[in-house]
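The values are calculated or read from the model by the stated rules, or taken from the named source; none is laboratory data. Fair warning: this is a prediction, and the values are worked out from it, not measured in the lab. Methodologically, a virtual Cβ is constructed for each residue, glycine included, from the backbone with ideal geometry; neighbour enumeration extends over all protein chains shown. Note: accessible area is taken over every heavy atom of the protein model, side chains too, but ligands, DNA and RNA are not part of it. Shrake-Rupley method; radii C 1.70, N 1.55, O 1.52, S 1.80 Å.
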Amino acid sequence: MSKHLFIIRHAKSDWSFEVSDVDRPLNARGFDNAPEMAQRLIQRGGRPQLLVSSPAKRALTTAQIFAEHLHTAVRDIRIDPRVYEALPATLLDIINEVDNRYDRVALFGHNPGVTLLANSLADENIANIPTCGIAHIVFEDIQDWAFVSGGLGRLVWFNSPKG
């Protein structure tokens, strides 16, 4: 048995509004990219059983769009305030707390945390996970999320709206 983690950076946000950072919405490109990337996730066999999101409007909206395409109830998205502006250690804590009944989890967050997390977990050198980019990391022969840690994952694929 393996655990699969889909690290997803929120879609492109709109800077034209004078709102707090946490309340910044998606822009038109973000609304276009999120459904496209949700479809790519599905086409590559990615069917997360659990979606965990930052409470920031841009991340949560991205997660909601993915949920719609994955036929997951929006109410089932787990919102974790710790994801917002988190560094890899905090994100890893969140991952380590996931219930083991889930083998496939999507985490919707922000840079630099998501890029640093992907690189740490899979010993990769991704320069940047762009907006709405996805890194699929598998943890072979790990049955307990509590045992996920740096260097134990393998990057299966990495994709973004540009690539």
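Dipole magnitude of segment 1-93 about its Cα centre, charges +1 at Lys/Arg Cβ and -1 at Asp/Glu Cβ only, in debye to the nearest 20?
That gives a dipole near 360 debye.
Could you give the length gained by full extension between R78 and E140, i.e. 0.36 nm per residue of separation minus their alpha carbon distance, to one decimal place?
Length gained between R78 and E140: 19.9 nm.
Under 19 Å Cα to Cα from K162, which aspartates and glutamates show up? Leave out anything in the same chain fewer than 8 places away.
D14, D32, E36
Based on Cβ point charges of +1 for Lys and Arg and -1 for Asp and Glu, what charge dipole magnitude is obtained for the chain about its Cα centre, in debye rounded to the nearest 20?
Rounded to the nearest 20 debye, it is 420 debye.
Fully extended, how many nm does the chain gain between E18 and I42 (0.36 nm per residue separation, minus their Cα-Cα distance)?
Working it through step by step, the gained length comes to 5.1 nm.
Leaving ligands and nucleic acids out of the surface, order E97, E18 by accessible area at 1.4 Å, largest first.
Ranked from most to least accessible, the order is E18, E97.
Could you work out how far the C-alpha centroid of segment 81-95 sits from that of segment 97-163, in angstrom?
A separation of 12 Å, based on Cα centres.
Can you send over the carbon and sulfur percentage of the accessible area for segment 18-128, probe radius 1.4 Å, protein chains only?
The computed percentage sits at 48.
Dividing the convex hull volume of the alpha carbon atoms of segment 118-163 by its residue count, what do you get in Å³ per residue?
Considering the Cα atoms of segment 118-163, their hull volume per residue is 72 Å³.
If each of L87 and N125 carries a label point 7 Å out from its Cα toward its Cβ, how far apart are those two points in nm?
2.3
Provide the percentage of antiparallel DSSP beta bridges, counting only those with both residues in the chain; round to the nearest 5.
50
State the extension gain, in nm to one decimal, for the chain segment bounded by F147 and R29, taking 0.36 nm per residue of separation less the distance between their alpha-carbons.
Gain on stretching F147 to R29: 38.8 nm.
Which trypsin sites (Lys or Arg not before Pro) from segment 71-163 combine a DSSP loop assignment with at most 13 other Cβ atoms within 10 Å?
Within segment 71-163, the qualifying trypsin sites (Lys or Arg not before Pro) (loop, at most 13 other Cβ atoms within 10 Å) are R101, K162.
Label segment 74-163 by shape, choosing from rounded, prolate and oblate, from the square roots a ≥ b ≥ c of the eigenvalues of the Cα gyration tensor; if a/c is under 1.5 it is rounded, and otherwise prolate applies when a/b is larger than b/c, oblate when it is not.
Note, shape of segment 74-163 comes out rounded.
What do you get for Rg/Rh of segment 49-113 when both radii come from the Cα atoms and Rh is the Kirkwood radius?
Across segment 49-113, the Cα-based Rg/Rh ratio is 0.94.
Kindly provide the helix-only [θ] at 222 nm of the chain, computed as the sum of -39,500 (n - 2.57) over DSSP H runs of four or more divided by all residues, to the nearest 500 deg cm²/dmol?
-9500 deg cm²/dmol
Of the options I142, P81, T131, report the single residue whose Cα projects farthest towards the positive end of the charge dipole of the chain (beta-carbon charges: Lys, Arg +1; Asp, Glu -1).
The listed residue farthest towards the positive side: T131.
Please give the per residue accessible area of the chain, computed with a probe of 1.4 Å over protein heavy atoms only, in Å².
I get 46 Å² per residue for the chain.
Mind sorting out which of (1) 25, 18, 15; (2) 23, 16, 15; (3) 31, 19, 13 is the real semi-axes √(5λ) of the Cα gyration tensor in Å computed from the coordinates?
Matching the structure shown: (2).
Leaving out ligands, DNA and RNA but keeping every protein chain, what accessible area does L152 have, in Å² rounded to the nearest 10, with a 1.4 Å probe?
The accessible area of L152 comes to roughly 90 Å².
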